[in-house]
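Participant: Pasting a structure here, questions to come.
The values are calculated or read from the model by the stated rules, or taken from the named source; none is laboratory data. Because the structure is predicted, anything quoted here is derived from the model rather than measured. Positions of Cβ are generated from backbone atoms using ideal geometry, with glycine treated the same way; all protein chains shown enter the neighbour counts. These accessible areas exclude ligands, DNA and RNA; they are computed on the full protein's heavy atoms, side chains included. Shrake-Rupley method; radii C 1.70, N 1.55, O 1.52, S 1.80 Å.
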Amino acid sequence: MRCAEYCEVVANRQVATSQFEIQLHSPVVARHAQPGQFVQMRVQSGYEPLFGRPFSVFRTFPERGDFSVIYLVRGTLTQLLAQKRRGDTVFVVGPLGNRFLVRQPAGEVLHVLVAGGVGAPPLYLLAEELVQKGVPRQQVVVVNGARRHDLLVCQEHFAELGVHLWAVTEDGSLGEKGKVTDILKGLSQRGELPSGRCQVYACGPSAMLEAVAKFAQKHDLPCQVSMETMMPCGLGVCLGCAVKVRTSNGIDYKRACVDGPVFDAAEVVWA
Amino acid sequence: MSKVKMEVQLGPLRLQNPVLVASGTFGYGSEYADLVDLNRLGGIMVKGTTLHPRAGNPMPRMVETAAGCLNSIGLQNVGVEAFIHEKLPFLRQYRCAVIVNIAGDSYEEFEQLAERLDGVDGVHALELNISCPNQEKGGIHFGVDPEATRKVVSRVRRRTRLPLIVKLSPNVTDITVNARAAVDGGADILSLVNTFVGTAIDAKTRRFKLANITGGLSGPAIKPLALYMVWQVAQAVKVPLIGMGGIMNATDAVEFLLAGASAVAVGTANYLNPRVSIEVLEGIEQYLREQGEKDVKDIVGTVKRCKPESEF
Ligand SMILES: Cc1cc2nc3c(=O)[nH]c(=O)nc-3n(C[C@H](O)[C@H](O)[C@H](O)COP(=O)(O)OP(=O)(O)OC[C@H]3O[C@@H](n4cnc5c(N)ncnc54)[C@H](O)[C@@H]3O)c2cc1C
Ligand SMILES: Cc1cc2nc3c(=O)[nH]c(=O)nc-3n(C[C@H](O)[C@H](O)[C@H](O)COP(=O)(O)O)c2cc1C
Ligand code: FES
């Protein structure tokens, strides 16, 4: 079930440098959103920007009928979003897209969640689901990376879940110094990523996704990536969100908004 | 509430109301079915369909511009056979008219498409997308060359009994010339406009923003241009018109009716508000009631000149 409606802002607070968590009232999204799914949010001044933008669902509060996303202020829409106060409204369509597929039997798999910057929110929702479904906490490994400590999000939420958590920053200002793939390499070298019973889930900037996908391929680990493209409609009709994939018939385009945003890393043709 | 008559007759094509959704902006209907009551639409113009499936152009294919967007999707579609077998059965459940937008690279392709769709249950009309390159003429668009327009329309005309809509390209010097050519060829209805060719450049990276360099401009930015073309064509030909180009709300739609369109199509606006077509329909009805009109067809082409200065 999906909605397309104006939703009331419940809260909109800063969580990191240029990053905010906005909570919105939408019983449909709160009840139906799955880890990896997104909502298309539209705020305009006149006709600018014309289209809504996609944001991954971060937390859901089904009892209250609220959900939230974390957004990084980048351009016009997110600047307008940052000005929204409690009681204002935002046009929301969703939940949209597919979800991360949990490898089964979930209790026997090592789930490796790799987050880059503002890619962390949907992986938090996934980690929460895994824990709630009874997957032992030590079998949920989260590698949460960002350029600097002040850009790292969701860290305290992951910590609360009690999962096996790594923080990594490129400048070493928090946690390990380096990139998420450095942590993965370390884990692998210590034999902690057994290819037969591991599943990698990644969300973050394209360059990171590509690096994680290559790492996974090299170590024969199944890997799912949440792809970032522009998404004018979010509903599968404009074909402006194409992702190049390898199929049995050769190269083809899939739509990130309905066939994704989560793709099997092995099928993606990296630019 | 007094009832206004919304049914319209466009030549051989009857529509339960004059609000359609434009090709390429509503998929095959199923994508919107849980959000929009398809039974309430006048009709659905499905995604441009070619003889064989097409993968489309490389990314990036779309870019936002001031109050509009440029697209160079490259007619990515499932092809006519998959359309008939996989998409049409779903659409048959609904009351709204199904209009198949067809595109080809040659006269033969257009003919084969028309022949294939003729008599297929659930197809109510064809819309010829002639804004595509004619390979026999070095790639010049069918819709730009009046002689090619007339020829492609008349060749399709002979292959189908379906109502024939010809979608005009706005990328011409005088659109009335192309409109007359389409009517000469046997068009029952004209739809206009398709997108305006344009481009966008990123000053920082010094690169074009679209992989294809050019794209078609749509959205509110083109409304004044489209509205003028509809008015011009309404003066030039007798066949009914379907107006489109930047319709975002009911007022925009009413303006197209006043300019001479018997029906309208909502395009790009579907992306930002999936329910906009229903809002446009309800808004037109409300407008007619407020204006004391009983039948939507009575306002078609009734725009008058600006008040003379003395009356201000
Ligand atoms: C499925 C999906 C889920 C997403 N989830 C989130 C989320 O949870 N939180 C979040 O903050 N963002 C998320 N995004 C990205 C978000 O949609 C974009 O950042 C959005 O376009 C910002 O809108 P804007 O109008 O503020 O900026 P725009 O005007 O769209 O962009 C401003 C500038 O930033 C650049 N830019 C835009 N997007 C990116 C990008 N992804 N990477 C680098 N540069 C970019 C543009 O080229 C432009 O120069 C998601 C994207 C997808 C596809
Ligand atoms: C992404 C996109 C895809 C389109 N695809 C088609 C198409 O396949 N065939 C066609 O005739 N017109 C196509 N159009 C043009 C629209 O049907 C319409 O003529 C045009 O967008 C102007 O209306 P608008 O400003 O309301 O969108 C497309 C437009 C967009 C934005
Ligand atoms: S965003 Fe329009 S098809 Fe995916």
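Participant: Is it fair to say A:Val258 is within 16 Å of ligand 1 (Cβ to nearest atom), assigned to a loop (DSSP other than H, G, I, E, B) and over 19 Å from A:Asn98 (Cβ atoms)?
Facilitator: For A:Val258, the condition - within 16 Å of ligand 1 (Cβ to nearest atom), assigned to a loop (DSSP other than H, G, I, E, B) and over 19 Å from A:Asn98 (Cβ atoms) - is not met.
Participant: Moving to a separate point now. Out of the residues in segment A:27-57 that are away from chain B (no Cβ under 14 Å) and open to solvent by less than 30 Å² (accessible area, probe 1.4 Å), which is farthest from A:Pro122 (Cα to Cα)?
Facilitator: A:Ala30
Participant: Of everything in segment A:47-58, what is touching a Leu at 6+ places or on another chain (Cβ under 8 Å) and in a loop (DSSP other than H, G, I, E, B)? Give them in sequence order.
Facilitator: Answer for segment A:47-58, where residues must be touching a Leu at 6+ places or on another chain (Cβ under 8 Å) and in a loop (DSSP other than H, G, I, E, B): A:Pro49, A:Leu50, A:Phe51, A:Gly52, A:Val57, A:Phe58.
Participant: So is A:Thr78 in contact with a Phe, Trp or Tyr (Cβ under 6 Å, 6 or more places away or on another chain) and either free of Cβ contacts under 8 Å to residues at least 24 places away in the same chain or within 13 Å of ligand 1 (Cβ to nearest atom) (or both) or not?
Facilitator: yes
Participant: Right, something else. Could you tell me which residue of segment B:66-87 is farthest from the other protein chains (Cβ to nearest Cβ), considering only residues that are surrounded by 20 or more Cβ atoms within 10 Å (Cβ to Cβ) and in a helix (DSSP H, G or I)?
Facilitator: B:Val80
Participant: Within segment B:128-151, does at least one residue satisfy the condition of being modelled with pLDDT of 95 or more, surrounded by fewer than 23 Cβ atoms within 10 Å (Cβ to Cβ), under 23 Å from B:Gly42 (Cα atoms) and not polar (S, T, N, Q)?
Facilitator: Scanning segment B:128-151, I find no residue that is modelled with pLDDT of 95 or more, surrounded by fewer than 23 Cβ atoms within 10 Å (Cβ to Cβ), under 23 Å from B:Gly42 (Cα atoms) and not polar (S, T, N, Q), so the answer is no.
Participant: Then there's this: In the set B:Asp121, B:Asp174, B:Asp105, which member is open to solvent by 20 Å² or more (accessible area, probe 1.4 Å), in contact with a Cys (Cβ under 9 Å, 6 or more places away or on another chain) and charged (D, E, K, R)?
Facilitator: Testing whether each residue is open to solvent by 20 Å² or more (accessible area, probe 1.4 Å), in contact with a Cys (Cβ under 9 Å, 6 or more places away or on another chain) and charged (D, E, K, R) leaves just B:Asp105.
Participant: With the condition kept exactly as written, say whether any residue in segment A:224-245 is part of a strand (DSSP E or B), away from ligand 2 (no atom under 16 Å from the Cβ) and at the interface with chain B (Cβ under 10 Å from one of its Cβ atoms).
Facilitator: Scanning segment A:224-245 turns up at least one residue that is part of a strand (DSSP E or B), away from ligand 2 (no atom under 16 Å from the Cβ) and at the interface with chain B (Cβ under 10 Å from one of its Cβ atoms).
Participant: While we're on this one: Which condition number in (1) assigned to a loop (DSSP other than H, G, I, E, B); (2) in contact with an Asp or Glu (Cβ under 7 Å, 6 or more places away or on another chain) is the one that B:Ile99 fails?
Facilitator: Here B:Ile99 clears every test but (1).
Participant: Same structure, new question: Would you call A:Cys238 open to solvent by less than 50 Å² (accessible area, probe 1.4 Å) and either under 14 Å from A:Gly97 (Cα atoms) or more than 16 Å from ligand 1 (Cβ to nearest atom) (or both)?
Facilitator: So A:Cys238 fails the test.
Participant: So B:Pro60 fits all but one of (1) away from ligand 1 (no atom under 16 Å from the Cβ); (2) in contact (Cβ under 8 Å) with a residue 40 or more places away in the chain; (3) assigned to a loop (DSSP other than H, G, I, E, B); what number is the exception?
Facilitator: (1)
This table checks each residue for (1) part of a loop (DSSP other than H, G, I, E, B); (2) within 19 Å of A:Ser226 (Cβ to Cβ); (3) free of Cβ contacts under 8 Å to residues at least 24 places away in the same chain.
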position	(1), (2), (3)
A:Ala4	no, no, no
A:Arg13	no, no, yes
A:Met41	no, yes, no
A:Thr60	no, yes, no
A:Arg85	yes, no, no
A:Val90	no, no, no
A:Pro95	no, yes, no
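Participant: Considering only segment A:110-136, state which residues are open to solvent by less than 10 Å² (accessible area, probe 1.4 Å) and either on the phi > 0 side of the Ramachandran plot or not assigned by TED's automatic domain parsing to the domain that holds A:Cys154 (or both).
Facilitator: Selection gives nothing.
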